[in-house]
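A short worksheet on the structure shown next.
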Amino acid sequence: MNKLLVSILAAAALAGAAHAQAPSRLDANTATAAQLGAVEGVTPAQVQTITSKRPFAGTAAFDAAVGAGLGAEQKTALYAKVFVPIDLNKASREEIMLIPGMTRRMAHEFEEYRPYTSLDQFNKEIGKYVDAAEVARLRSYVVLK
């Protein structure tokens, strides 16, 4: 094989693997002030609010404390980097809707398959509606307790 073709195929494979991985984000309940402060776009005031108001009982409490006064785009940007994971079996519709990019239809699908017994079940059920990369992204916002 020609070296250029090998390089192109290798780059495409790496890009695909990176895209399929769930994005990493900090849990607002456990991240240190230093970790929060190191996140691009997180202001010192937000770090102070997060660290002084935790532990957050859930995503709604986090949103009430940190999201107040933020525009939709600002919230989306922040919640992609710092979030309180939602419990798949207990989260309200409002909490599910706080996941960046969430639609009402997808929130309905989250709720329809309750109770979840495993994250593998979540992958299977939500995978009926979106591709593997999106399942991984959504899964990175949820937990089972």
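Among residues of segment 37-54 that are in a loop (DSSP other than H, G, I, E, B), those with a beta-carbon under 8 Å from a residue that is hydrophobic (A, V, I, L, M, F, W, C) at least six positions away or on a different chain give the pairs Val39/Leu26; Val39/Val82; Gly41/Ala77; Gly41/Leu78; Val42/Leu36; Val42/Leu78; Val42/Val82; Arg54/Ala28. When we screen Glu73, Glu95 for residues that are closer than 24 Å to Ala31 by Cβ, acidic (Asp, Glu) and touching a residue at least 12 places away in the same chain (Cβ under 8 Å), the only hit is Glu95. If you take the residues in segment 122-145 that are hydrophobic (A, V, I, L, M, F, W, C) and in a helix (DSSP H, G or I), which one is nearest to Ala80 (Cα to Cα)? Residue satisfying both the conditions and the ranking: Leu138. Evaluated against (1) over 14 Å from the mean Cα position of the chain (by Cα); (2) under 25 Å from Ala68 (Cα atoms), Val142 falls short on exactly one condition, (1). Among the residues in segment 20-29, are any among the hydrophobic types (A, V, I, L, M, F, W, C), crowded, with 16+ Cβ neighbours inside 10 Å, assigned to a loop (DSSP other than H, G, I, E, B) and modelled with pLDDT of 95 or more? Checked segment 20-29: at least one residue is among the hydrophobic types (A, V, I, L, M, F, W, C), crowded, with 16+ Cβ neighbours inside 10 Å, assigned to a loop (DSSP other than H, G, I, E, B) and modelled with pLDDT of 95 or more.
Summed over segment 76-105, residues that are assigned to a helix (DSSP H, G or I), under 17 Å from Phe56 (Cα atoms) and either within 10 Å of the chain's Cα centre (by Cα) or of a type outside the set (A, V, I, L, M, F, W, C) (or both) total 3. Counting only residues that are surrounded by 11 or more Cβ atoms within 10 Å (Cβ to Cβ) and either aliphatic (A, V, I, L, M) or touching a helix residue (DSSP H, G or I) at 6+ places or on another chain (Cβ under 9 Å) (or both), segment 102-123 holds 12 of them.
The values are calculated or read from the model by the stated rules, or taken from the named source; none is laboratory data. None of the values given here were measured: they were computed from a predicted structure. FYI the Cβ positions are ideal-geometry reconstructions off the backbone, even for glycines, and counts take in every protein chain you see.
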